[in-house]
Structure formats: structure tokens, C-alpha cells
1. Condition first: closer than 18 Å to Val150 by Cα, of a type in the set (A, V, I, L, M) and in contact with a helix residue (DSSP H, G or I) (Cβ under 6 Å, 6 or more places away or on another chain). Now tell me which residues in segment 1-39 satisfy that.
2. If I go through segment 718-732 residue by residue, how many of them are among the acidic types (Asp, Glu) and loosely packed, with under 13 Cβ neighbours inside 10 Å?
3. Looking at the structure I just gave you, is Glu60 without any contact (Cβ under 8 Å) to a residue 24 or more places away in the chain and either under 21 Å from Arg324 (Cβ atoms) or hydrophobic (A, V, I, L, M, F, W, C) (or both)?
4. Return the total of residues in segment 417-448 being over 23 Å from Asp398 (Cα atoms) and open to solvent by 30 Å² or more (accessible area, probe 1.4 Å).
5. Touching a Lys or Arg at 6+ places or on another chain (Cβ under 8 Å), under 22 Å from Arg429 (Cα atoms) and in contact (Cβ under 8 Å) with a residue 60 or more places away in the chain: is that true of Gly540 in this structure?
6. (1) in contact (Cβ under 8 Å) with a residue 40 or more places away in the chain; (2) closer than 30 Å to Lys386 by Cβ: which one isn't true of Asp21, the others all being true?
7. Which one of these does Glu712 not meet: (1) buried (at least 24 other Cβ atoms within 10 Å of the Cβ); (2) at pLDDT 95 or above?
8. Of these, Val412, Val501, which one is at pLDDT below 95, of a type in the set (A, V, I, L, M, F, W, C) and more than 30 Å from Leu718 (Cα to Cα)?
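The values are calculated or read from the model by the stated rules, or taken from the named source; none is laboratory data. Please read these numbers as outputs of a predicted model, since none were measured by experiment. Here the Cβ positions follow ideal geometry from the backbone for every residue, glycine too, while neighbour counts run over all protein chains shown. Protein only, heavy atoms only, side chains kept; ligands, DNA and RNA dropped before computing areas. Shrake-Rupley method; radii C 1.70, N 1.55, O 1.52, S 1.80 Å.
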Amino acid sequence: MSADRERKAAKIRHLLETEGDAVFENTTHVNAGRYETNSHRDDIDELRDAARAIKEDAIERLPELVETVKESVEANGGEVYVADDAADANRYITEVTESKGAETLAKSKSMTTEEIDVNDALADAGVDVTETDLGEFVVQVADEAPSHLVGPAFHKSTEDIAELFNAHFDPDEPFETAEDLTQFARDHVGEKIVDADVGMTGANFVFAESGTVALVTNEGNARKCAVTPDTHVAVAGIEKLIPSVDDFPPFAELIARAAGGQDIATYLSLLSPPVDSPVVDFDEPDEPLDASTDDREFHLVLLDNGRTEMREDDDLRETLYCIRCGACANSCANFQHVGGHAFGGETYTGGIATGWEAGVHGLDSAAEFNDLCTGCSRCVDACPVKIDIPWINTVVRDRINRGADAEFDWLVEGLTPDADPGGVDLQKRLFGNFGTLAKLGSATAPVSNWLADWGPTRAVMERVAGVDRRRDLPEFQRETLVDWFEARDPLPAAGDADREVVLYPDAYTNYVLVDRGKAAVRTLEALGVDVAVAPCHESGRAPLSQGMIATARENAERVADSLDPHLDSGRDVVVVEPSDLAAFRREYEHLLDDDRAERLAEHSYEVMEYVYGLLENGADADLLASGGEVAFHSHCQQRTLDVDVYTEAVFERLGYDVVTSDVECCGMAGSFGYKSEYYELSVDVGETLADQFEAQDVAQRELVASGASCHEQLGSLLPQASTHPVELVAPE
């Protein structure tokens with residue numbers, strides 16, 4: 001293993017041991033809460049559409065909104081400063097504190113202030129800063145970086161925090177419970193707020209028309225920071241601007257659900273500072289308040305720091321729609337296990353962090369953790385503004401690849417089977433060309449399987465390409481699905497069927513898991529469908545997962561070329577591997593022209609989805625295998641596409657008793673689980689799935705998984721092998 005891969009593996013191993021349990025408990029708790037609270041309404045998707053439309057409009061009109069908010073805030077009596085970068089913002093903020101002679105500042109949680117390291121700048125200026133959000137207060141005392149956009153201390157358990165506070169504050173009676181800790185922190189930061197010379201907040205939203213700042217918290221500390229000291233500084237990225245309060249309702253409904261699994265936030269404050277309430281004199285609390293508000297000051301610092309360039313970038317622009325809810329992190333299996341100290345950059349954490357880090361800190365910061373996004377796409381459903389986070393991660397990965405040392409491009413170009421430049425890491429190039437490898441492996445099987453599994457070969461593969469030797473390799477089949485299909489005698493009923501389909505043979509189904517392809521053919525034919533099998537061309541999923549977009553685009557065009565004649569003749573496209581269906585339905589819109597991508601997406605179906613449709617339209621269910629006890633794990637992208645329900649419906653129709661997993665991802669994720677730096681994380685994620693099935697006494701059930709990766713992962717963690725759902729229901 002290379003030194004860099006060993007460094008990454010060691011870091012992940014350390015975090016799994018020290019922070020993994022707390023991160024898992026906190027993120028999965030909030031994630032479950034999001035599912036629960038979203039189930040209380042039937043218009044979540046409509047709210048998400050509305051919120052996205054507002055953000056699209058706001059980012060499009062951003063220069064206009066900046067001018068509008070300057071006018072409105074100044075009309076209210078405040079000041080607006082648009083900072084070009086972190087240094088500019090910190091200079092302005094420290095000048096404000098110096099003008100007030102400030103020695104203390106009470107601050108509420110704000111990722112934008114983390115982005116500019118304002119605490120360090122204020123400390124250099126002699127200002128004592130107290131974080132007043134409980135989680136931020138914990139990490140400030142611990143002198144650590146936040147591990148989550150919303151839950152900065154998600155990596156710490158109650159016991160960890162008690163130990164920290166007891167050591168730092170030396171209380172008369174040691175803190176033990178969450179109640180002890182919360183009461184102490186509330187009293188401590190409350191006193192700091194009362195004594196503060198300046199209050200600082202972020203802003204979840206800023207309404208340009210009125211200069212109103214929206215603060216969403218669960219502790220009420222942000223409002224106290226805004227109104228208690230006589231000077232309030234709010235720091236927000238320019239992307240936080242939305243036109244007016246009329247645009248706020250969908251965000252008010254969504255943000256607490258996405259961020260905390262709550263129907264509504266505990267504190268939702270709309271302030272148009274300088275606020276009208278007079279400054280409280282805490283030294284004379286019994287005296288009547290002076291109605292004068294003359295001493296109030298308000299400064300709104302709007303930060304650019306790369307956002308204008310992101311706005312002009314067609315692929316990173318969506319990042320600016322982010323409302324910093326952290327739902328992408330909570331729904332990410334890798335994040336759930338290792339947290340933001342691995343899955344994050346200089347400031348931002350989770351799936352959306354790649355876009356933020358690339359935009360505000362640069363590609364080097366994003367490169368450190370970008371590969372932890374496996375493209376499973378569970379964050380797509382979780383995001384309240386429907387940001388295509390996996391695509392942002394893919395684009396950034398592609399840019400990182402292209403920014404790598406291209407010294408030997410001349411040597412590589414023309415010798416590799418792909419369309420990407422020579423700077424691509426060998427490990428990524430290997431996995432990105434899986435289709436070619438599988439074709440070669442199948443043509444030379446079983447020798448290829450023996451050679452690949454030979455000890456010295458595995459050692460070289462691990463050292464040179466980072467393929468972990470603890471992971472079993474796929475076993476290539478000499479007879480491919482296409483070979484098998486072409487060698488069959490045509491069915492007597494061929495050409496007389498009511499429906500015609502073309503089965504897309506993905507590389508795994510064609511060269512490795514051939515039986516599931518045969519089962520798909522038998523099942524469709526039994527239900528009266530005339531089946532053709534297309535040539536096997538890799539869909540582009542493999543190179544896309546490595547950030548090799550040029551190769552993915554080339555593959556997509558080849559696949560479309562092979563399927564277009566079938567679509568022209570009215571055949572539907574049936575897909576066995578869910579990740580390839582996801583490519584057809586979601587990712588090809590980035591790789592093919594619009595009409596071509598739209599037609600393929602519209603006419604492509606997952607095989608069990610298609611079986612469900614046939615049964616609903618009168619096909620004879622008695623022709624399929626039925627009954628039995630099943631433990632079913634649906635593929636992550638199958639769930640994102642909402643087609644997993646069809647497999648369960650077919651099982652129910654055929655009389656199966658089904659236990660279904662609810663983990664977000666198996667952790668294998670294509671090539672991810674093979675990579676030496678991520679092997680242990682992959683297994684850790686997979687064990688959650690294995691534990692769930694073992695708790696359901698899966699040994700007594702037929703183990704069924706829709707994805708090839710899920711099949712590989714379950715096979716390595718449980719004693720029995722799994723099959724694809726269509727293999728279970730296929731007639732003999």
C-alpha cells in the first residue's frame with residue numbers, strides 16, 4: 001500500500017475507533033427523525049420543488065439582491081459590507097470591535113464564520129470569543145474542529161463531554177448526565193452573553209427586500225446574541241439572500257425536518273436589525289428600560305470568498321442552493337460511520353462539502369475527502385432543495401484527476417482503453433475500466449481468476465493499484481450472458497409476444513453474475529415477453545465513479561448507439577443492475593444530448609419493476625416461483641429511484657414473507673470496498689447491514705440483494721450467498 005493510502009486508512013481506522021460510535025448514534029437518530037417527520041406530510045416533494053425554484057431564482061438574481069439588501073438594511077439603520085474574501089471580512093469585523101472598544105464577543109453557530117476563521121482573527125485583535133451553541137461550545141472547549149454542519153459535537157458522546165467539562169471546569173460535583181452538562185453550559189454561556197460587548201450571529205436566510213435576518217436554532221442562543229449586546233454583527237454568505245419574507249414558508253417547513261428531524265424548529269426568529277427593543281442594563285435589572293434604541297448597531301457582513309465564481313460555474317452553481325441542513329451527511333452511510341473529521345475539508349463536512357470546499361478553499365481541500373462519496377445517491381432524496389450532490393462530487397473528482405501530474409500524458413494516451421488524460425491515478429483508471437477488464441477476464445477464465453487470486457498477484461495489485469488483498473475478487477465466467485443467449489434455440493413463441501424488450505447486459509451481469517441475467521430472460525419470457533439481449537458495453541457507471549467523465553461520456557454514447565435501434569422499434573429497455581438504471585435515468589442527462597437521454601430514461605425499467613408491471617397487466621403469476629422466507633436488501637440507487645417498492649410488491653404478490661433492511665447503503669459501493677484505504681470503512685458500514693439481518697435470524701431466510709456490490713458485500717460478511725430477486729422468482 002502506498003504511503004498516502006496507508007495514511008488515509010490509518011486516519012479512518014482511528015476515527016472509527018474513537019468517534020465512530022457517537023457519530024453513528026447521532027446521525028442515524030436525526031436521519032430516522034427526518035424520515036418520520038416527512039411522513040407526517042404528503043407535500044414534501046412540492047415544498048422541495050418550491051424551495052429549489054426560489055434558490056435558483058435568488059442565485060440568478062444575486063447581484064440585484066445584494067444591492068436591494070444594502071438599501072433595506074441601511075434604511076433600517078444598519079450597515080452592509082460585502083467582503084471579497086476571509087481576510088477582508090475579518091478586517092471589517094475586527095474594525096467594528098475595535099470601534100466599540102470590545103473585549104468580549106458572544107457568538108452563535110455559523111459555518112460561514114468557521115469558513116473565515118473569525119475566532120482566530122478576533123483573538124489576534126484581543127477579543128475573547130465565546131461560542132454559545134452547545135455543540136460549538138463543546139468543540140471550543142475541546143479545541144477541536146466541528147464534525148458536522150449542524151451538530152458540531154456529533155463525534156462526542158455524553159461521557160466524552162462529561163469528561164471534557166470535568167477536566168476543564170473542575171466543578172464541585174462532577175458532571176455525569178446530559179442534564180447536568182446542558183444546565184451548566186446554559187448558565188455559563190448565558191453569563192457570557194450578558195457580559196458581551198458585541199454579539200455575532202450567522203443567518204440562515206436574509207430577506208433582501210426588508211433586510212430581515214432569519215435565525216433557526218434549537219437553543220435560542222442566536223436570538224440572545226443578536227439582541228442582548230448593543231452591537232450585532234451578522235455574517236452570511238451572499239448565497240443566503242432570498243428576495244423577501246414571502247419566499248420563506250417552504251424553507252421554514254423544510255429546514256427543521258431536514259436538519260433535526262423536527263416538524264418545526266424550536267426557535268425561529270425573524271429580526272430586522274437594529275432591533276427596536278432597548279438595550280438591557282444587566283447591572284440594574286430592576287430599573288425600567290430606557291425606550292431609546294439609539295445605541296443599537298447592526299452590521300451585515302456578506303461574504304463572497306469564491307461564491308461569485310461558483311455562480312458562474314455550471315457544475316458548482318448548485319452548491320449555492322445549499323441551506324446547510326446536514327441531511328446529506330446524515331443520510332450518507334460512510335459519514336454515519338466515520339463523521340466529518342474524515343468526510344470533510346477545511347470547513348465543510350458531508351456530501352455537499354466537496355462543492356463548498358472546491359469553491360471556497362480550492363481543489364486540494366476537496367481532494368482529501370472527495371473519494372468518500374461513493375455516489376450511492378441517498379443524499380439526493382434527503383436534500384431539501386434537490387441538489388444533485390453526487391454529480392458535484394463527480395465533477396470535482398474529474399477536476400482533481402485532471403489537476404494531477406500530467407507529465408506522462410504522452411506515454412499513457414493512446415495506450416489506455418479510456419478517454420481520460422494521463423494524470424488519472426492508476427487505481428482509478430483500473431476500476432474505471434472495469435468493463436474492459438471483465439471482458440478480458442471472461443475471455444481467459446478460469447486462468448484469469450486463478451492468476452488474479454494468486455498471492456504474488458494480489459500483493460502487486462495492493463502495492464501498485466491499492467486493491468485490498470482482504471477483499472475477494474469477482475470470479476469471471478467463461479460463458480457470458482450474451483454468448484448464452486445467442487447459443488439458445490429461439491423460443492417457439494418468439495415474435496408473437498405482446499411485448500418486446502431489450503435486456504441491457506451490464507458488465508457484471510454479462511461477465512460475472514451471469515445467472516441473474518439468465519433468470520431475467522427466463523422470467524420475462526415466461527410472462528409472455530419477447531426478449532432480445534443488447535451487446536455488452538459498460539454503461540459509464542464505473543468510470544463515472546472514478547471521476548472519469550470523458551470516458552463515461554464515451555461509454556454512454558456507445559450504449560445509446562446499441563439501444564437506439566431497439567427503442568426505434570418500440571422495445572422497452574430492461575436493466576438488471578440498479579446502478580445502471582440510475583445511470584440511464586439520472587446521469588445520462590449529463591452525458592448525452594437532452595432528447596437522447598430523455599428517451600432512454602423514459603423507456604428503461606429495472607427488471608423487477610418490469611415484472612411488477614406485467615403482473616399488474618394480467619400476466620400469470622403462477623408461472624413464477626413463489627413462497628418462502630426472504631431477507632431483502634435493496635440497492636441504494638434503487639431506493640433513490642423509488643423502484644425498490646416493486647420488488648417488495650412482487651414478493652408479496654407471490655406469497656413471500658419478506659424482511660427488508662433499512663440501512664442506507666451496504667458500504668461496498670462498486671469499487672469503494674476494494675480500495676485498500678477504504679476497505680475497513682466499507683466493512684464497518686457493511687456490518688451494520690449484516691447485524692440487522694442476523695438480528696432477524698436471516699440464517700433461516702433466503703438472502704436476496706438487488707445490486708452486484710450488495711451481493712459481494714453480503715457474501716463476505718454472512719455465511720450464506722445471496723441471489724438477485726429475479727433469480728428467486730424465475731421459473732426453472
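1. Of everything in segment 1-39, just one residue is closer than 18 Å to Val150 by Cα, of a type in the set (A, V, I, L, M) and in contact with a helix residue (DSSP H, G or I) (Cβ under 6 Å, 6 or more places away or on another chain), namely Val30.
2. Of the residues in segment 718-732, the ones among the acidic types (Asp, Glu) are 727, 732.
Okay, now just the ones that are also loosely packed, with under 13 Cβ neighbours inside 10 Å, so 732.
The number of residues fulfilling the criteria is 1.
3. Values: without any contact (Cβ under 8 Å) to a residue 24 or more places away in the chain: yes; either under 21 Å from Arg324 (Cβ atoms) or hydrophobic (A, V, I, L, M, F, W, C) (or both): yes.
Criteria met by Glu60.
4. 6
5. Against the criterion (touching a Lys or Arg at 6+ places or on another chain (Cβ under 8 Å), under 22 Å from Arg429 (Cα atoms) and in contact (Cβ under 8 Å) with a residue 60 or more places away in the chain), Gly540 does not qualify.
6. Status for Asp21: all satisfied but (2).
7. Glu712 satisfies every listed condition except (2).
8. Val412
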